[in-house]
Amino acid sequence: MNVKEQVLQILQEINPTIADDMDIDLLKEGFIGSFEIVNLVMELEDVFRVEINPEDIIPENFRTIKCIVEMMERLCSN
């Protein structure tokens, strides 16, 4: 399973209505909010075995599936 598939699976566990659209604004469209981001961060850290630093927990990194995938790829490559 690649990073995109894993991120999408985690997102759909948090909110099953999230579609496989890499560019939809998850925040603006109401698919995730601050509570879901906290859950998402914990799941991403667990699945990818990385630590997401507080300075990375900003809306720009969680706005779209593409943004989340790019952040995880960056953190996993370190």
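The values are calculated or read from the model by the stated rules, or taken from the named source; none is laboratory data. As the structure is a prediction and not an experimental result, all values here were calculated from the model. In this analysis, Cβ positions are derived from the backbone assuming ideal geometry, glycine residues included, and neighbour counts consider all displayed protein chains. Heads up: the accessible areas ignore ligands, DNA and RNA and are worked out on the full protein's heavy atoms, side chains in. Shrake-Rupley method; radii C 1.70, N 1.55, O 1.52, S 1.80 Å.
The set of residues in the range 31-61 that are part of a loop (DSSP other than H, G, I, E, B), open to solvent by 60 Å² or more (accessible area, probe 1.4 Å) and not charged (D, E, K, R) comprises Ile57, Ile58. Is it the case that some residue within the range 18-27 is assigned to a helix (DSSP H, G or I) and surrounded by fewer than 15 Cβ atoms within 10 Å (Cβ to Cβ)? No, the conditions are met nowhere in the range 18-27.
Val7 falls short on exactly one of the conditions (1) in contact (Cβ under 8 Å) with a residue 60 or more places away in the chain; (2) surrounded by fewer than 16 Cβ atoms within 10 Å (Cβ to Cβ), and that condition is (2).
The residues in the range 62-78 that are over 18 Å from Met22 (Cα atoms) and either in a helix (DSSP H, G or I) or of a type in the set (A, V, I, L, M, F, W, C) (or both) can be counted, and the count is 3.
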